[in-house]
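Accompanying notes for the structure given below.
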Amino acid sequence: MSDASYRDAIFSTPLDRVARFSFDEQVVACFPDMIRRSVPGYGQILGMLGLIARRHLRHGARVYDLGCSLGAGGLALAGQLSPEAFRYVGVDLSPAMVARARETLADECPDHSMATVEADIRRLDYEPAGMVVLNFTLQFLPPADREAMVERLFTALEPGGVLVLSEKIRAEGEEENAWLVERYHDFKRANGYSDLEISQKRTALENVLVPDTLAEHHARLARAGFSRAHTWYQFLNFASVVAFKNEAFKDATAPASPEA
Ligand code: GEK
């Protein structure tokens, strides 16, 4: 990922009216800084994609990265897997994101198969895939669209395919949720965001980012047909789940396939 990214200062001055958050040019320019300072565990989750792929991805299979933004998921995979191991398709609705992702992926991983598509992930015609990455994207779809989205991804996955779903989550209990949100704001403060920035960003995301509980995610995955789903990561109110379609059993003690 290009580090020629600006520091996120979008909400640093008082705004009369805070507009709904959108992934426009202004956000794209500071996105790597914004996501690193705003999403607990972002780098660790990216770092695990290659390890999960090595263990579960059929050699040479297609990997969708939905809501790929600047293609960080693709860069993480290409950094860990050989060019023959997978074919990456990054999809995003924001033209500014896709343009930057396309450029970065071509520059940084010229030997890998790295495609980018500007599209709404709800309406894409999916080809069979061995892995789907939904890193902090489902949370931006209207809640009413999430069930059908997960069902479509289940259908697109090959038997043995794997879905990695990372999301901002809401805790079941009010008290627990309030504690997690407060500590999340502490986390943002510690990463250099002011109280004004935190509160204006919160307003901008109201009704744009609507988090589900982990139980809601697991129930939806089960309804779609995933045979098994594990929450493998949680840091404050951010979590990642891995879900398997008709899993071909793999010996957990065996070394990951060397060719991947
Ligand atoms: C990363 N996964 O760096 N169709 C396609 N894209 C969409 C849609 C949609 N309907 N709705 C939102 N997006 C990335 C981070 S960011 C998360 C993902 C965040 C896109 C939107 O344009 C944005 O690029 C991305 O989903 C969400 O690993 O900013 O918190």
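The values are calculated or read from the model by the stated rules, or taken from the named source; none is laboratory data. Given the structure is predicted, the values throughout are model-derived calculations rather than measurements. All Cβ positions, glycine included, derive from the backbone under ideal geometry; neighbour counts span all protein chains shown.
Taking the stretch 84-104 as the region of interest, how many residues are within 14 Å of the ligand (Cβ to nearest atom), over 22 Å from residue 130 (Cα atoms) and among the charged types (D, E, K, R)?
So the answer is 1.
So which strands (runs of 3 or more DSSP E) stay within the stretch 111-175 end to end and still have 3 or more residues that are under 18 Å from the mean Cα position of the chain (by Cα), surrounded by 18 or more Cβ atoms within 10 Å (Cβ to Cβ) and within 14 Å of the ligand (Cβ to nearest atom)?
In the stretch 111-175, 129-135, 157-168 are the strands (runs of 3 or more DSSP E) which contain 3 or more residues that are under 18 Å from the mean Cα position of the chain (by Cα), surrounded by 18 or more Cβ atoms within 10 Å (Cβ to Cβ) and within 14 Å of the ligand (Cβ to nearest atom).
Would you check which residues across the stretch 68-96 are within 14 Å of residue 43 (Cα to Cα), without any contact (Cβ under 8 Å) to a residue 40 or more places away in the chain and buried (at least 22 other Cβ atoms within 10 Å of the Cβ) and list them?
76, 77
Would you check which residues across the stretch 119-158 are out of contact with any Lys or Arg (no Cβ under 6 Å at 6 or more places or on another chain), closer than 20 Å to residue 54 by Cα and not hydrophobic (A, V, I, L, M, F, W, C) and list them?
128, 135, 158
Out of the stretch 182-201, which residues are out of contact with any helix residue (DSSP H, G or I) (no Cβ under 8 Å at 6 or more places or on another chain), in a helix (DSSP H, G or I) and surrounded by fewer than 16 Cβ atoms within 10 Å (Cβ to Cβ)?
182, 183, 186, 190, 196, 199
Please state which of the following conditions residue 123 fails to meet, knowing it meets all the rest: (1) touching a strand residue (DSSP E or B) at 6+ places or on another chain (Cβ under 7 Å); (2) more than 22 Å from residue 229 (Cβ to Cβ); (3) among the basic types (Lys, Arg).
(1) is the only condition that residue 123 fails.
Of all residues in the stretch 218-228, which are touching a residue at least 24 places away in the same chain (Cβ under 8 Å) and touching a strand residue (DSSP E or B) at 6+ places or on another chain (Cβ under 7 Å)?
Within the stretch 218-228, 221, 226 qualify.
Applying the selection to the stretch 44-59, what residues are free of Cβ contacts under 8 Å to residues at least 40 places away in the same chain and within 13 Å of the ligand (Cβ to nearest atom)?
The one that is free of Cβ contacts under 8 Å to residues at least 40 places away in the same chain and within 13 Å of the ligand (Cβ to nearest atom): 47.
Since residue 107 meets every condition but one in (1) in a helix (DSSP H, G or I); (2) within 16 Å of the ligand (Cβ to nearest atom), which condition does it not meet?
(2)
May I ask you to list the residues in the stretch 61-82 that are near the ligand (Cβ under 8 Å from one of its atoms), among the aliphatic types (A, V, I, L, M) and outside any loop (DSSP other than H, G, I, E, B)?
Correct list: 66, 72.
Determine which member of the set 106, 96, 85 is modelled with pLDDT under 95, of a type outside the set (Ser, Thr, Tyr) and more than 22 Å from residue 147 (Cα to Cα).
96
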